[in-house]
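Report on the following structure.
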Ligand SMILES: Cc1cc2nc3c(=O)[nH]c(=O)nc-3n(C[C@H](O)[C@H](O)[C@H](O)COP(=O)(O)OP(=O)(O)OC[C@H]3O[C@@H](n4cnc5c(N)ncnc54)[C@H](O)[C@@H]3O)c2cc1C
């Protein structure tokens, strides 16, 4: 499918969000990914001009695909793909393909569901949370979202609002390196999870992000005794 870049903004420190608008409807579920292929980009390298990204918007807005990504600091040290994405003019055409993935909301809304993520791993959960909010779905939901600082936290304001507006949503924001943050500050530990989830044995846990983070969270959950079939992961390979 061809799409045009229609919006691009910095949404947190070194974090770029881009929206591509389609002339047709995109068929996707909350949490799925797409491949964005740049056409005639200004920069080239051996890693090529295509990348997988989790879709951030809800399928209720299916003529758009919004993605977000971390930019290298300085941007000149990053990949040709990201330098190009950061510079191509609004209106530039890209190709969107390979929409898919099994990292989606469980059908069962009764079983408690917990998202654990950090940094850019938030992206598939934004699609899910926006969809749950817009459709007033009744999941028993918790989320642990780890970042270094408030300034580097993507979607912070929107998440704090969703934390108030989604029914049964227990949002735990953790800033590991922010003196002005009065909330939780520690890294992912079983103690932190158990503190907010007394019924953790009944939960399905979903985690996404760069492979090192997903592996770390999965290991913590396994060490707690969470069974493999209650841990669902999406690894952003390529980081
Ligand atoms: C299913 C799936 C979903 C994905 N979803 C997303 C998503 O929603 N958002 C997303 O951003 N990516 C996502 N990815 C990963 C994405 O496809 C890219 O592989 C990733 O963004 C890295 O891109 P890059 O190499 O172009 O970028 P760059 O970020 O420019 O990285 C170039 C290299 O520098 C390293 N690097 C980056 N920043 C720093 C730094 N500050 N200091 C030192 N080294 C650094 C990187 O590890 C990389 O090796 C997903 C991947 C998959 C498979």
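The values are calculated or read from the model by the stated rules, or taken from the named source; none is laboratory data. Every value quoted in this text rests on a predicted model; they were computed, and no experiment measured them. Counting neighbours? That spans all protein chains shown, and the Cβs are built from the backbone with ideal geometry, glycine included.
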Within segment 180-239, residues being assigned to a strand (DSSP E or B) and within 16 Å of the ligand (Cβ to nearest atom) number 8
Which members of segment 55-78 meet the condition of being in a loop (DSSP other than H, G, I, E, B), more than 8 Å from the ligand (Cβ to nearest atom) and over 24 Å from residue 137 (Cα atoms)? 74
Give the number of residues within segment 1-52 that are under 28 Å from residue 129 (Cβ atoms) and touching a strand residue (DSSP E or B) at 6+ places or on another chain (Cβ under 8 Å). 33
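This table checks each residue for (1) touching a residue at least 24 places away in the same chain (Cβ under 8 Å); (2) surrounded by fewer than 19 Cβ atoms within 10 Å (Cβ to Cβ); (3) in the same structural domain as residue 65 (by TED's automatic domain parsing).
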{"site": "121", "(1), (2), (3)": "yes, no, no"}
{"site": "127", "(1), (2), (3)": "yes, no, no"}
{"site": "147", "(1), (2), (3)": "yes, no, no"}
{"site": "171", "(1), (2), (3)": "yes, yes, no"}
{"site": "174", "(1), (2), (3)": "yes, no, no"}
{"site": "179", "(1), (2), (3)": "no, yes, no"}
{"site": "185", "(1), (2), (3)": "no, yes, no"}
Would you confirm whether or not segment 102-113 contains a residue that is more than 29 Å from residue 221 (Cβ to Cβ) and in contact (Cβ under 8 Å) with a residue 24 or more places away in the chain? no
Counting just the residues of segment 24-52 that are touching a residue at least 40 places away in the same chain (Cβ under 8 Å) and closer than 18 Å to residue 90 by Cα, which one comes out surrounded by the most Cβ atoms within 10 Å (Cβ to Cβ)? 36
Within segment 79-114, considering residues that are touching a helix residue (DSSP H, G or I) at 6+ places or on another chain (Cβ under 8 Å), farther than 18 Å from residue 126 by Cβ and outside any loop (DSSP other than H, G, I, E, B), the one farthest from the ligand (Cβ to nearest atom): 86
